[in-house]
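Trainee: This is the structure I have questions about; it appears just below.
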Amino acid sequence: MAQVLALPTAETGRLDPRVLNRLRASMGADRCRQVLADAAFEITDRLIRFDRAAATGDATAAARLARGVAAMADGIGAVELAAAARAAADSHRRGCAVARAATAQRLSRCGDAMMDDLLGAALAADP
């Protein structure tokens, strides 16, 4: 029987500074911080619901939630998270079990990595 090995991966949670600068310029630093904090909460909530849907085999809900994460992540400059969410949505829509598992795990890792940067930017005096 084949042995499955977990390979260490390093996902980054970097936010695109150009997007952050546009947000800050268009709405001011205080409102920008509030938007980033709200996004952190909403993305976390959707990732939790995505994990639940994926674990129970509800591919339709998982794909919908992943698309929502992608849209929100794009809006705040979390490019890697957005790409991972789009890949997860696509694999759940297509129905490949192996791809579903792999993209769900990557989405989780990217979400964890992004949260540190997002909360740091939300709490920063000058994001």
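Trainee: Could you compute the FRET efficiency for residue 16 and residue 52, with r as their C-beta to C-beta distance and R0 at 22 Å, rounded to 0.05? Present the calculation step by step, with values, prior to reporting the outcome.
Mentor: Details: r = 29 Å, r/R0 = 1.32.
Approximately 0.15, to the nearest 0.05.
Trainee: How compact and how long is segment 31-123, expressed as Rg and Dmax of its alpha-carbon atoms in Å?
Mentor: 12.6, 41
Trainee: Mind jotting down the distance between the C-alpha centroids of segment 59-90 and segment 33-50, whole Å?
Mentor: 12
Trainee: So if we plug the beta-carbon distance of residue 99 and residue 119 into 1/(1 + (r/R0)^6) with R0 = 30 Å, what FRET efficiency do we get, rounded to 0.05?
Mentor: Calculated value: 0.50.
Trainee: Rounded, prolate or oblate: which fits segment 48-98 when a ≥ b ≥ c are the square roots of the eigenvalues of the alpha-carbon gyration tensor, with rounded for a/c under 1.5 and prolate only if a/b beats b/c?
Mentor: Details: a/c = 2.51, a/b = 1.75, b/c = 1.43.
It is prolate, given that a/c is not under 1.5 and a/b is the larger ratio.
Trainee: Here is a follow-up. Among 73-86, 51-64, what's the highest-first ranking by average C-beta atoms within 10 angstrom per residue?
Mentor: On the way: 73-86: 22.5, 51-64: 16.5.
Ranking the peptides 73-86, 51-64 by packing returns 73-86, 51-64.
The numbers here are math on the coordinates, done by the rules we state, and not lab data. This one's a predicted model, so the numbers in the text were calculated from it and none came from an experiment. Cβ sites come from the backbone with ideal geometry, for glycine too, and all protein chains shown count toward neighbours.
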